[in-house]
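Below: one structure, written as structure tokens.
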Amino acid sequence: MEVYLLQLFNGLSISSILLLVALGLAITFGLMKVINMAHGELIMIGAYSTYLTQNLFNDYLPESMFDWYFVLAVPASFVIAFIFGLILEMSLIRFLYGRPLDSLLATWGVGLVLQQLARSIFGAPNVAVTSPSWLDGGMKIMDGTLLPYKRLFIIALVIACLVSMYFYIYRSHEGRRMRAVMQNRDMAACLGVSTRRVDAMTFAIGSGIAGVAGCALTLLGPIGPSLGTYYIVDAFMVVVLGGVGKLVGTVLGATGIGMFNTLFEYWTNASLGKVLVFVCIVAFLQWKPMGLVAMRTRSLD
Amino acid sequence: MLAVQQLEAGYGESVILRDVSLKVKVGQVVCLLGRNGVGKTTLMKSIMGLLKARGGSVSYNGADLTKKAPGLRAKSGIGYVPQGREIFAQLSVYENLLLGLEASREKLNAVPKEAIAKFPVLPTMYARRGGDLSGGQQQQLAFARALASRPEVLLLDEPCEGIQPSIVDDIRDVIRSIKADGKTAILLVEQSLDFVKSVGDYFYVLEKGAIAWEGGLESLDDEVVRKYLTV
């Protein structure tokens, strides 16, 4: 019984990490159709922002305040990745809309540059981020079953990100403009929506969420300049499996991959489990190329 | 007054419009006629700014719009009901209408009553997705969306294309009532001669990308129709 409960929790935990990593990509790739290979590096930027916040607290604030650095690190990672995203969109991506191959190559190059930049600033070895003490330990639900607070925190963070994204995209004026531009750019422009502004904001928000994901990853282990490369494939898998352009699809995609990953790893071993998951994804996409949740509408012409 | 002077436009290498000049005054319904492929929709797109002009100018109330983006043209008071309606399929009917407010110069927060009053069927469908509506309903939505920002010039590109007769009558009534208010100028592209004759004040006929004939309702006789419009 405990074993299954623990596996279920593990699956949920992996799903939440995958989802957090993929949410930003669900916006930049899912909504904007930009194949953003630098997404992983935006995650890395978020992680280093957390590292910087920690160092600032260490150096300038009394030790009693140190535990609270993480509360500031989440918005700080968002803002810094947001700014990087904004600069990237305004200087490069805006010239590459509708050119998937070019944007793939260009963003990959940007990713390499950012990795090297991190290496030059912070050095090649991984750096450790000390988690705040209030995230140490775990919740004991029964003998031998301990749910670590860090994992629970990441699940809560994903839910918070999802809820705020939902309200932004589906309930706010900005979100309405965003959806209009992504669906029919010309008509949105003819109605007076500033498409340039919407593009820049949308890409920057997707990047900011990648930053938050990077912040969360510091809880799981040391971080390095190539942190993003470990997650980029998973992130694309989640978005493609979920169905491009739908937030619900991304949630389902992440849950599916996370759960099956845990299940297969439990039955076999870590590497074979991963292979089985990928085989399942490939098979599924053969059957439903549009992913789990496809956009449907009444076609009129 | 909307004025187009010696406009030239095209796609890629091919020139579609050469030397087109026309004027639309407030309170007037100006109709643009012509066979298929003479450049009517291209002209509408160039006026709206979706297509860059290669030469000539588009100006509104004396302000030159030739180099302006579509959004700025919308904000200076031009409303557009495109061919094929271009409803945001994944957005609700109400959201589609709210997007019509983006160009509003009065910073309206709610869709003005007079924009919806003309299409009583719309409020009953606010929560439905735009893409789930029928063609005629979408046309009414596109019309109401354009009216939401209280435009001073309305560009209507084939508003009756593929629509049942009763809605065609509704649209005719809407155009007439806008004309009766006398605050809006309308440029209408339409294939049905009966329809344009029933609402139009002044007519331009396009042929091979240039204005081939222009005149009032009384001079639009059978000979003109035979020469420029009969296939």
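Return yes or no: is A:Leu227 more than 14 Å from every other protein chain (Cβ to nearest Cβ), farther than 21 Å from A:Val74 by Cα and either in contact with a Gly (Cβ under 8 Å, 6 or more places away or on another chain) or at pLDDT 95 or above (or both)?
It is false that A:Leu227 is more than 14 Å from every other protein chain (Cβ to nearest Cβ), farther than 21 Å from A:Val74 by Cα and either in contact with a Gly (Cβ under 8 Å, 6 or more places away or on another chain) or at pLDDT 95 or above (or both).
Among the residues of the range B:83-94, are any within 11 Å of chain A (Cβ to nearest Cβ), part of a strand (DSSP E or B) and surrounded by 21 or more Cβ atoms within 10 Å (Cβ to Cβ)?
There is no residue in the range B:83-94 that is within 11 Å of chain A (Cβ to nearest Cβ), part of a strand (DSSP E or B) and surrounded by 21 or more Cβ atoms within 10 Å (Cβ to Cβ).
Can you tell me which residue among A:Ser120, A:Ser172, A:Ser131, A:Ser194 is modelled with pLDDT under 95, among the polar types (S, T, N, Q) and within 20 Å of A:Tyr51 (Cα to Cα)?
Among A:Ser120, A:Ser172, A:Ser131, A:Ser194, only A:Ser131 is modelled with pLDDT under 95, among the polar types (S, T, N, Q) and within 20 Å of A:Tyr51 (Cα to Cα).
Being buried (at least 21 other Cβ atoms within 10 Å of the Cβ), small (Gly, Ala, Ser) and closer than 15 Å to B:Ala117 by Cβ is the filter here; which residues of the range B:147-186 pass it?
Answer for the range B:147-186, where residues must be buried (at least 21 other Cβ atoms within 10 Å of the Cβ), small (Gly, Ala, Ser) and closer than 15 Å to B:Ala117 by Cβ: just B:Ala148.
Collect the residues in the range A:243-259 that are crowded, with 23+ Cβ neighbours inside 10 Å and under 27 Å from A:Gln115 (Cβ atoms), keeping them in residue-number order.
A:Thr250, A:Gly253, A:Ala254, A:Ile257, A:Gly258
Anything in the range A:237-289 that is at pLDDT 90 or above, of a type outside the set (Val, Ile, Thr) and under 19 Å from the mean Cα position of the chain (by Cα)? List them, or say none.
Selection gives A:Met237, A:Leu241, A:Gly242, A:Gly249, A:Leu252, A:Gly253, A:Ala254, A:Gly256, A:Gly258, A:Met259, A:Asn261.
So the check is Cβ under 6 Å with 6+ separation or different chains; which pairs have a first residue in the range A:155-182 that's within 22 Å of B:Gly100 (Cβ to Cβ) and a second one that's among the small types (Gly, Ala, Ser) and assigned to a helix (DSSP H, G or I)?
Matching pairs, first to second residue: A:Tyr168/A:Gly175; A:Ile169/A:Gly175; A:Ala180/A:Ala188; A:Val181/A:Ala188.
Go through the range A:136-207 and tell me which helices (runs of 4 or more DSSP H), entirely inside it, have 1 or more residues that are among the acidic types (Asp, Glu) and within 14 Å of another protein chain (Cβ to nearest Cβ).
Ranges flagged: A:173-183, A:185-190.
May I ask you to verify whether B:Asp19 is surrounded by fewer than 21 Cβ atoms within 10 Å (Cβ to Cβ) and under 20 Å from the mean Cα position of the chain (by Cα)?
Taking the combined requirement at face value, the residue does not satisfy it.
With respect to B:Asp132, determine if the residue is closer than 30 Å to A:Arg179 by Cα, of a type in the set (Asp, Glu), over 16 Å from the mean Cα position of the chain (by Cα) and within 14 Å of chain A (Cβ to nearest Cβ).
Here the answer is yes, as B:Asp132 does meet what is asked.
Within the group B:Val58, B:Val38, which residue is surrounded by 18 or more Cβ atoms within 10 Å (Cβ to Cβ), within 22 Å of B:Gly216 (Cα to Cα) and among the β-branched types (Val, Ile, Thr)?
Residue meeting the stated conditions: B:Val38.
Hey, can you tell me all the residues within the range B:202-231 that are in contact with a Gly (Cβ under 7 Å, 6 or more places away or on another chain) and part of a strand (DSSP E or B)?
Passing the criteria: B:Tyr202, B:Phe203, B:Val205, B:Leu206, B:Glu207.
Considering every residue within the range B:97-117, establish whether at least one is of a type in the set (Ser, Thr, Tyr) and within 13 Å of chain A (Cβ to nearest Cβ).
Yes, because at least one residue in the range B:97-117 is of a type in the set (Ser, Thr, Tyr) and within 13 Å of chain A (Cβ to nearest Cβ).
Could you identify the single residue in A:Val277, A:Val238, A:Val282 that is under 30 Å from A:Pro125 (Cβ atoms) and part of a helix (DSSP H, G or I)?
A:Val238
Here is a list: B:Ala53, B:Ala74. Which entry is more than 20 Å from B:Pro151 (Cβ to Cβ) and in contact with a strand residue (DSSP E or B) (Cβ under 9 Å, 6 or more places away or on another chain)?
On inspection, the qualifying residue turns out to be B:Ala53.
Is it the case that some residue within the range B:25-48 is in contact with a Cys (Cβ under 8 Å, 6 or more places away or on another chain) and at the interface with chain A (Cβ under 10 Å from one of its Cβ atoms)?
yes
Which one of the conditions (1) more than 10 Å from chain A (Cβ to nearest Cβ); (2) closer than 27 Å to B:Leu32 by Cβ; (3) modelled with pLDDT of 90 or more; (4) in a helix (DSSP H, G or I) does B:Pro123 fail to meet, given that it meets all the rest?
Here B:Pro123 clears every test but (2).
From A:Leu104, A:Leu112, which residue is of a type in the set (A, V, I, L, M, F, W, C) and without any contact (Cβ under 8 Å) to a residue 40 or more places away in the chain?
Result: A:Leu112 is the single residue among A:Leu104, A:Leu112 that is of a type in the set (A, V, I, L, M, F, W, C) and without any contact (Cβ under 8 Å) to a residue 40 or more places away in the chain.
Looking at B:Lys52, B:Lys68, which is the one that is free of Cβ contacts under 8 Å to residues at least 24 places away in the same chain, assigned to a loop (DSSP other than H, G, I, E, B) and within 14 Å of another protein chain (Cβ to nearest Cβ)?
Sole residue among the options that is free of Cβ contacts under 8 Å to residues at least 24 places away in the same chain, assigned to a loop (DSSP other than H, G, I, E, B) and within 14 Å of another protein chain (Cβ to nearest Cβ): B:Lys68.
So B:Gly79 passes all but one of these: (1) within 14 Å of chain A (Cβ to nearest Cβ); (2) assigned to a strand (DSSP E or B); (3) more than 18 Å from the chain's Cα centre (by Cα). Which condition number does it fail?
Of the numbered conditions (1) within 14 Å of chain A (Cβ to nearest Cβ); (2) assigned to a strand (DSSP E or B); (3) more than 18 Å from the chain's Cα centre (by Cα), the odd one out for B:Gly79 is (3).
Would you be able to say whether some residue in the range B:146-169 is more than 21 Å from B:Ala74 (Cα to Cα), among the β-branched types (Val, Ile, Thr) and either away from chain A (no Cβ under 14 Å) or free of Cβ contacts under 8 Å to residues at least 24 places away in the same chain (or both)?
Scanning the range B:146-169, I find at least one residue that is more than 21 Å from B:Ala74 (Cα to Cα), among the β-branched types (Val, Ile, Thr) and either away from chain A (no Cβ under 14 Å) or free of Cβ contacts under 8 Å to residues at least 24 places away in the same chain (or both), so the answer is yes.
So which residues in the range B:13-49 are under 19 Å from B:Ala69 (Cα atoms) and either of a type in the set (A, V, I, L, M, F, W, C) or part of a loop (DSSP other than H, G, I, E, B) (or both), if there are any at all?
B:Leu43, B:Met44, B:Ile47, B:Met48, B:Gly49
The values are calculated or read from the model by the stated rules, or taken from the named source; none is laboratory data. As the structure is a computational prediction, the values presented were derived from the model and not from experiment. Note: ideal-geometry Cβ built from the backbone for every residue, glycine included; neighbour counts use all protein chains shown.
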